[in-house]
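Here the structure is laid out as structure tokens; the discussion comes afterwards.
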Amino acid sequence: MQEPTTGRGTKHVILGTGPAGVIAAETIRKNAPDDEVLLIGDEADAPYSRMSIPQILSGHIGESGARLRRDADYFSRQRIELRRGRVVQLSERPRVLHMEDGSAIPFDKLLIATGARPRVPVIPGIDLPGVHACWTMDDARRLLALAKPRARAVLIGAGFIGCIVMEALATRGVHMTVIEKRDTMLPNMLGKTAGDMVRRWCERKGMQVLTDTRVKAIGLVEGWDPDSPKLVMLSDGRLLEADFVVYCAGATPNIDFLRGSGVRCLQGVVVDACMQTSLPGVYAAGDCAEAYDEGAGRSVIAGVQPNAADQAYCAALNMTGRQAFQRNVRHIDVVDTMGLISSSFGQWEGIRTGQWVEYHDPVHFKYLRLEFGGDVLIGCSAVGITEYSGILRSLIHHQVRLGEWKEGLMKNPLALKEVYRDCVQKQYIHQSSVFHTPSPSRASTDFHAM
């Protein structure tokens with residue numbers, strides 16, 4: 001049954017109650033006080049940040065600390081309707097969302113902020129009791145019941161999320177073996193030299209880390225007893241016993257409901273510089289949105305919270321009749337792994353025609369690699385070095401032409417402070433917001449370049 005519209009103004013529907021959805025709802029309410037705002041999520045819990053799940057697991061915060069807005073009546077006071085439900089289909093004509101419970105919700109403007117779901121590895125036994133993702137509040141509750149001191153765990157995946165979960169479990173005294181199918185840790189933000197440095201650090205902290213290794217199957221030690229320890233078979237023939245298994249094997253955008261809707265999707269929902277999809281009045285933001293990045297020259301999904309916030313704010317402004325454009329996608333990854341901080345900014349893998357230089361101190365666990373395109377610093381990666389983070393982000397974000405100062409960095413990549421002082425502060429940098437108003441031809445080019 002389709003619910004009626006109220007006729008009070010534009011009806012904005014937002015799918016997703018994560019940071020992107022909440023920021024968009026608040027922005028719409030601020031800029032369109034008379035419009036309807038409906039925020040729909042598919043979990044029973046109040047809106048929360050997924051990035052806080054490992055902190056709950058480690059015991060650093062409770063569940064209430066993960067909530068995006070603390071007061072129980074916050075959304076009602078803001079006149080934002082919060083509803084639980086799952087959409088199964090989007091219809092363009094009429095503009096209606098078909099829900100799992102059979103209801104239909106009409107809308108005037110729509111923001112798709114459905115985020116992503118954990119990718120489930122194709123492994124026999126991955127659906128056994130005691131084998132979990134670490135993605136939702138329910139996942140955190142299940143893992144808290146299992147993660148007792150001296151419990152044995154196998155962690156599948158040593159990427160960004162995997163390393164955060166590893167530290168959280170280690171804080172609880174869990175004995176872990178970490179399995180990574182690629183040849184280094186943090187492969188989506190560090191090269192092999194830096195990733196191997198992180199692996200050595202973790203091993204020094206008592207972790208067993210097996211790279212270039214796959215889990216072939218998961219079974220039960222004691223026949224069909226679901227509470228018995230798990231038996232994990234590895235690609236090198238080893239067998240590991242574990243009390244529980246956690247997989248952190250990447251994420252997949254939640255966009256299945258868009259099949260046949262007319263919304264253009266590649267890996268995620270393709271959006272233009274306004275965060276609008278191929279259907280007018282339908283926008284996307286966050287981990288499900290695929291935006292064109294001028295710096296990289298291609299469309300990307302950048303699943304980090306600062307991007308989700310920027311994109312949601314931009315989309316919401318456009319939904320309320322303002323004009324906002326997003327210039328680029330922030331490529332920022334920073335992770336603290338057992339006390340060793342790793343980071344990457346921009347095009348950290350470099351480009352084919354570019355140059356690079358690195359500083360490597362394996363004894364003190366310090367590493368820095370700079371990537372150049374011409375005389376512009378386009379990306380970097382670092383381990384154990386944090387004092388240059390602000391400088392690196394500024395140089396990369398503003399695409400500063402270094403000129404003769406580039407040669408100084410090629411000789412000594414740690415001379416960043418001197419280069420920044422002598423080069424940047426003597427040049428005028430137009431430091432605008434992440435939003436700007438390009439010419440119509442540029443905006444059109446951005447969209448068609450996807």
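Computed from the coordinates by the stated procedures, all read-outs in this text should not be read as laboratory data. Everything quoted here is computed from the prediction, not taken from an experiment. FYI the Cβ positions are ideal-geometry reconstructions off the backbone, even for glycines, and counts take in every protein chain you see.
Please name whichever of 367, 398, 414 sits farthest to the positive end of the charge dipole of segment 339-426, dipole taken about the Cα centre and charges placed at Cβ: Lys and Arg +1, Asp and Glu -1.
398
With an 8 Å cut-off on Cα pairs and a minimum separation of 6 or more residues, tell me the relative contact order of segment 131-249 in percent.
It comes to 31 percent, rounded to a whole number.
List the lysines whose alpha-carbon lies under 22 Å from that of residue 417, not counting same-chain residues fewer than 8 positions away?
366, 406, 426
Quote the charge dipole size of segment 131-249 about the Cα centre in Debye, to the nearest 20; the model charges only the Cβ of Lys and Arg (+1) and of Asp and Glu (-1).
300
Do you know the relative contact order of segment 339-426, to the nearest whole percent, from alpha carbon pairs under 8 angstrom that are 6+ apart?
That works out to 28 percent.
Checking the a/c ratio against 1.5 first, then a/b against b/c, what shape does the Cα gyration tensor give for segment 291-369?
The shape class here is oblate.
Using alpha carbon centroids, what distance separates segment 348-373 and segment 77-119, in Å?
44
Only four residue types carry charge here, +1 at the Cβ of Lys and Arg and -1 at the Cβ of Asp and Glu. Report the dipole size of segment 339-426 about the Cα centre in Debye, rounded to the nearest 20.
Dipole magnitude for segment 339-426 comes out near 140 debye.
Rounded if a/c is under 1.5, else prolate if a/b is larger than b/c, else oblate: which is segment 11-120, with a ≥ b ≥ c the root eigenvalues of its Cα gyration tensor?
Here segment 11-120 falls in the oblate category.
Counting only residues 5 or more places away or on other chains, whose amide H sits under 5 Å from the amide H of residue 327 once H atoms are built in the peptide plane?
436
Pull up the DSSP beta bridges for segment 146-254 and report the antiparallel fraction as a percent, rounded to 5.
Beta bridges within segment 146-254, antiparallel portion: roughly 40 percent.
Quick one: which residues, 5 or more positions from residue 48 or on another chain, have an amide H under 5 Å from its amide H? H modelled 1.01 Å from N in the peptide plane, none for Pro or chain starts.
Amide H neighbours of residue 48, under 5 Å, 5+ apart: 68.
For Cα pairs less than 8 Å apart in space and 6+ apart in sequence, what is the mean separation divided by the residue count of the chain, i.e. the relative contact order in percent?
Relative contact order of the chain: 14 percent.
Can you tell me how the chain classifies by the Cα gyration tensor, rounded, prolate or oblate, using a/c under 1.5 as the rounded cut?
Since a/c reaches 1.5 but b/c is at least a/b, the shape of the chain is classed as oblate.
Read phi for every residue in segment 231-236 and hand back ³J(HN,Hα) as whole Hz from Karplus 6.51 cos²θ - 1.76 cosθ + 1.60, θ = phi - 60°, with x for Gly and Pro.
Result, rounded to whole Hz: 10, 9, 9, 9, 5, 8.
Output ³J(HN,Hα) for segment 324-331: one whole-Hz value per residue in order, computed from phi by the Karplus curve 6.51 cos²θ - 1.76 cosθ + 1.60 with θ = phi - 60°, and x for Gly and Pro.
3J(HN,Hα) across segment 324-331, in whole Hz: 9, 9, 9, 6, 7, 9, 6, 9.
Say the dipole of segment 110-250 comes from +1 at the beta carbon of Lys and Arg and -1 at that of Asp and Glu; which of 170, 247, 132 then lies farthest toward its positive end?
170
Quote the charge dipole size of the chain about the Cα centre in Debye, to the nearest 20; the model charges only the Cβ of Lys and Arg (+1) and of Asp and Glu (-1).
In total the dipole reaches around 420 debye.
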